[in-house]
Amino acid sequence: MDTVRIMGRNARIIDLSDTLSNDTQAFEPNQHDIRYIDHVLGLTLGAQVFGLTLEQVTKAVPRGYAWAVEQVTLSTHSGTHVDAPYHYGPTMQDGTPTRTIDQVPLSWCVGDGVKLDFTSRAAGEGITAQDIKQELSRISCTLKPGDIVLIHTGASRFFKEKGYDQRHAGLTREATQFLVQRGVKLIGIDAWGLDRPFNVTFPEAMQGKTEFWESHFYGLEEEYCQIEKLCNLENIPVSQGFTVMALPYKIQGASSGWTRAVALVPEP
């Protein structure tokens with residue numbers, strides 16, 4: 001068990017982040033590629049860096065190897081990441097520019113966690129405001145500003161399978177509105193997206209039944225961010241009384257940033 005001493009207390013660290021690897025490369029909606037340069041190849045790279053021949057570098061480094069390094073090509077929405085309001089559109093409803101990931105307050109990204117269990121919901125099903133209210137009542141929780149709400153769907157178990165992006169339940173617009181209007185600035189989900197899957201929502205939007213990407217687009221009315229592709233939510237042993245940290249990588253002008261999200265659960 002990984003633990004840390006923080007604010008005078010011992011806390012268990014639970015890793016909520018998915019591992020980025022080439023294993024899922026063939027079917028990722030947001031494509032990525034990792035090129036591994038091992039220690040032996042690192043010696044050749046060192047020769048290029050220093051402008052020397054491989055023979056010259058080998059004399060300087062007789063052990064026969066140097067550093068390992070990886071070259072990664074990916075989207076800011078690959079792996080576990082935090083979406084900024086800019087992801088949803090260029091301006092808020094009132095015309096002000098949306099915040100990019102480097103402009104998101106870090107205070108939004110660290111806070112008391114609340115885990116809501118919707119693992120019984122089927123893929124494509126919508127989670128409503130009433131569903132949120134009932135789950136909050138079940139765990140005897142009253143939301144407060146700054147809480148970080150984690151939506152547990154159980155879909156992360158499909159992350160290594162083709163089509164995983166269509167295997168989750170998602171928040172409806174009214175559910176997102178309910179959370180944001182209570183001061184929640186960061187909502188996380190253990191699925192590819194916060195909304196219901198595209199294979200459900202796009203046909204509905206074409207028929208005029210619902211607005212496409214309704215939970216995302218609500219972020220243009222009231223600012224909030226979301227963490228997508230969380231995992232291991234089932235390992236958080238409590239519904240509240242823990243801390244979430246999901247600090248996004250600082251990328252200038254970007255719509256999202258990768259994060260190593262964790263939950264800190266105080267030990268007795």
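The values are calculated or read from the model by the stated rules, or taken from the named source; none is laboratory data. None of the values given here were measured: they were computed from a predicted structure. Neighbour counts run over all protein chains shown; Cβ positions are idealised from the backbone, glycine included. Areas reflect the complete protein model, heavy atoms only, side chains present, ligands, DNA and RNA absent. Shrake-Rupley method; radii C 1.70, N 1.55, O 1.52, S 1.80 Å.
Details
- A count restricted to the range 129-171 and to residues that are part of a loop (DSSP other than H, G, I, E, B) and within 23 Å of T243 (Cβ to Cβ) stands at 11.
- Qualifying residue in the range 214-226 (condition: open to solvent by 10 Å² or more (accessible area, probe 1.4 Å), in contact (Cβ under 8 Å) with a residue 12 or more places away in the chain and within 20 Å of A122 (Cβ to Cβ)): yes
- Screening the range 1-63 for strands (runs of 3 or more DSSP E) wholly inside it with 1 or more residues that are touching a Lys or Arg at 6+ places or on another chain (Cβ under 7 Å) and either among the basic types (K, R) or in contact (Cβ under 8 Å) with a residue 12 or more places away in the chain (or both) returns the ranges 3-6.
- Residue within the range 155-167 that is at pLDDT 95 or above, hydroxyl-bearing (S, T, Y) and surrounded by fewer than 18 Cβ atoms within 10 Å (Cβ to Cβ) present: no
- Residue match in the range 80-87 (condition: open to solvent by 60 Å² or more (accessible area, probe 1.4 Å) and not in a helix (DSSP H, G or I)): no
- Test for T259: is it over 19 Å from D83 (Cα atoms) and either of a type in the set (S, T, Y) or in contact with a Pro (Cβ under 6 Å, 6 or more places away or on another chain) (or both): no
- In the range 44-65, the residues that are open to solvent by 30 Å² or more (accessible area, probe 1.4 Å) and within 39 Å of the chain's Cα centre (by Cα): T44, L45, Q48, V49, F50, Y65
- Hits in the range 25-43 - residues which are farther than 24 Å from R260 by Cβ and surrounded by 15 or more Cβ atoms within 10 Å (Cβ to Cβ): L41, G42, L43
- Check on R138, surrounded by 18 or more Cβ atoms within 10 Å (Cβ to Cβ), more than 17 Å from the chain's Cα centre (by Cα) and of a type in the set (K, R): no
- Inclusion of S256 among residues that are among the small types (G, A, S), in contact with a strand residue (DSSP E or B) (Cβ under 7 Å, 6 or more places away or on another chain), open to solvent by 10 Å² or more (accessible area, probe 1.4 Å) and touching a residue at least 60 places away in the same chain (Cβ under 8 Å) is not warranted.
- Of residues in the range 1-24 being of a type in the set (S, T, N, Q) and modelled with pLDDT of 95 or more, the one most open to solvent (accessible area, probe 1.4 Å): T19
- Residue match in the range 192-206 (condition: touching a helix residue (DSSP H, G or I) at 6+ places or on another chain (Cβ under 7 Å) and in a helix (DSSP H, G or I)): yes
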